[in-house]
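The values are calculated or read from the model by the stated rules, or taken from the named source; none is laboratory data. What you are looking at is a predicted structure, and each value in this text was computed from that prediction instead of being measured. Note that we place each Cβ from the backbone using ideal geometry, even for glycine, and neighbour counts take in every protein chain shown. The accessibility values were calculated without ligands, DNA or RNA, using every heavy atom of the protein model including side chains. Shrake-Rupley method; radii C 1.70, N 1.55, O 1.52, S 1.80 Å.
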Amino acid sequence: MGRRRQSVTIKHVEADSGVSLQTVSRVINDEPNVRPEMKRRVQASIDKLGYVPSIAAQRMSGSKSYLILALNDRERTIEAWKAREGSDWVDQMLLGGMLKCAEYGYRLIFELVDTHADNIERELNAAIAALQPDGVILTPPHSDNALITGLLEKRRIAFARIGSRAEGGAISLTMGDSRMAGVATRHLVAKGHRRIGFIAGPREYAVSDRRKTGWLEAMAEAGLDTDLCERGDFSYASGEEAAHRLLSQASPPTAIIASNDQMALATMAVARSMELTVPQDLSLVSFDNSPVVRFVQPPLTAIDQPVADTVGAAVELLILSNRGEDLPPMPVVIEGSLIERDSVADLTQAGSSGV
């Protein structure tokens, strides 16, 4: 049997660099007030020896845990996983969060919490006690849950709210939902559409009404009626119901903006069941831009939500906050973009006509 390779420890780095153990620890933990020359010597030894600091050792060396906890809604997340319908919100959260954590020597822990449960306080307290995170990332609807934010403030744990403009907490980020809904609406107006419907998300999500506001403002700017608005709950079934109501009107829309991909896919299915063709009879724009919308026929024009970039920025802001560094004005806005595909008809071209 081959000889087992001895693990490289912080003491090996100390011996190789000729620097005190305390200084080596400060360099590893990226603490301030270490001379550049000392940092270079320690880093050279780390690279030479292939030393990888363990989180357990880092935690013992100070008050930091080097863990960031990201929370997502349990019910909706499990529902999406079981349905296997192509939503990649969690994938993008992990992508952005894990990569940014790795840059700073942190780890990302992902937990599901039911925002409606009576035992939410017990669940969250248990997670905090077990992990002792340096910061928490809250996604909708948790980012607007006063019970969760109040508990974190009481425990003096830094948290970053995504998709919320509510008071409380030093860090908030949005993806420019109102402006991007306006971008989608103006895109349709520029293509000659005048009857533009909107399927809003549930009121418990603050982003839902911000997207609706963006649609309302762009419609008013164009002098168009805003009578074609229905509300769903981000589920496929609710999208079907909303689309039926919009498309069954005496003067139906020539275009619909859906507040997420599942409701957009449901709208497409309802249109086909009513013998309407996308985009010839009905143009369609979605929010999220998850992988599935690229592979349906026709591929959907969509507002791309920069989830990975936003969660990555949240991680970085939490780490900087814990270091006592200055933060930018809040909320930090990380806007998406309109991805044009084949689901929007141009009614301004010769031979086209809108309702």
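Some observations on this one:
- In the chain, helices alone account for a calculated mean residue ellipticity at 222 nm of -13500 deg cm²/dmol, with every DSSP H run of four or more residues adding -39,500 (n - 2.57).
- Helix 177-190 and the longest principal axis of the C-alpha atoms of the chain enclose an angle of approximately 40°.
- Solvent-accessible surface (1.4 angstrom probe) belonging to VAL207, in square angstrom, nearest 10: 10 Å²
- The stretch 224-327: radius of gyration and largest Cα-Cα distance (Dmax), Å: 18.0, 60
- The slack between ARG155 and LEU49, meaning 0.36 nm per residue of separation minus the straight C-alpha distance, is 34.2 nm.
- A 1.4 Å probe, protein heavy atoms only, puts the accessible area of ARG323 near 80 Å².
- Crossing angle, helix 36-49 versus the chain [Cα axis fit, 0-90 degrees, rounded to tens]: 90 degrees
- Label point distance in nm, SER20-ASP114, each placed 7 Å from Cα along Cα→Cβ: 5.4 nm
- Carbon and sulfur %, accessible surface of the chain computed with the full protein complex present, 1.4 Å: 49 percent
- Note that the chain presents 49 Å² accessible area per residue, ligands and nucleic acids not counted, probe 1.4 Å.
- Gyration tensor (alpha-carbon) shape descriptor, the stretch 74-139, a/c threshold 1.5: oblate
- Ligands, DNA and RNA excluded, the heavy atoms of LYS212 present near 60 Å² of accessible surface to a 1.4 Å solvent probe.
- Set of aspartates and glutamates near LYS39 by C-alpha distance (under 18 Å), chain-local residues within fewer than 8 positions excluded: GLU14, ASP16, ASP30, GLU31, ASP47, GLU103
- Residue-span extension gain [GLN297 to HIS244] - 0.36 nm each, minus C-alpha spacing: 17.1 nm
- For the stretch 287-342, the dipole from Cβ point charges (+1 on Lys and Arg, -1 on Asp and Glu) about the Cα centre works out to 160 debye, to the nearest 20.
- Candidates MET268, MET38, MET330, ranked by Gaussian network fluctuation over the chain, Cα under 10 Å, top entry: MET38
- Inter-site label distance for GLU340 and GLU275 at 7 Å from Cα along Cβ, in nm: 3.3 nm
- Geometric extent, Cα atoms of the chain - Rg, Dmax (angstrom): 24.8, 82
- Reachable lysines, given that their alpha-carbon falls under 22 Å from the alpha-carbon of LYS154 and they are not under 8 places away in the same chain: LYS64
- Longest segment of the chain lacking GluC sites (Glu not before Pro) that sit in a DSSP loop with at most 16 other Cβ atoms within 10 Å: 1-84
- Listed by chain and number, the lysines whose alpha-carbon sits under 23 Å from that of LYS212, ignoring those within fewer than 8 places in the same chain, are LYS191.
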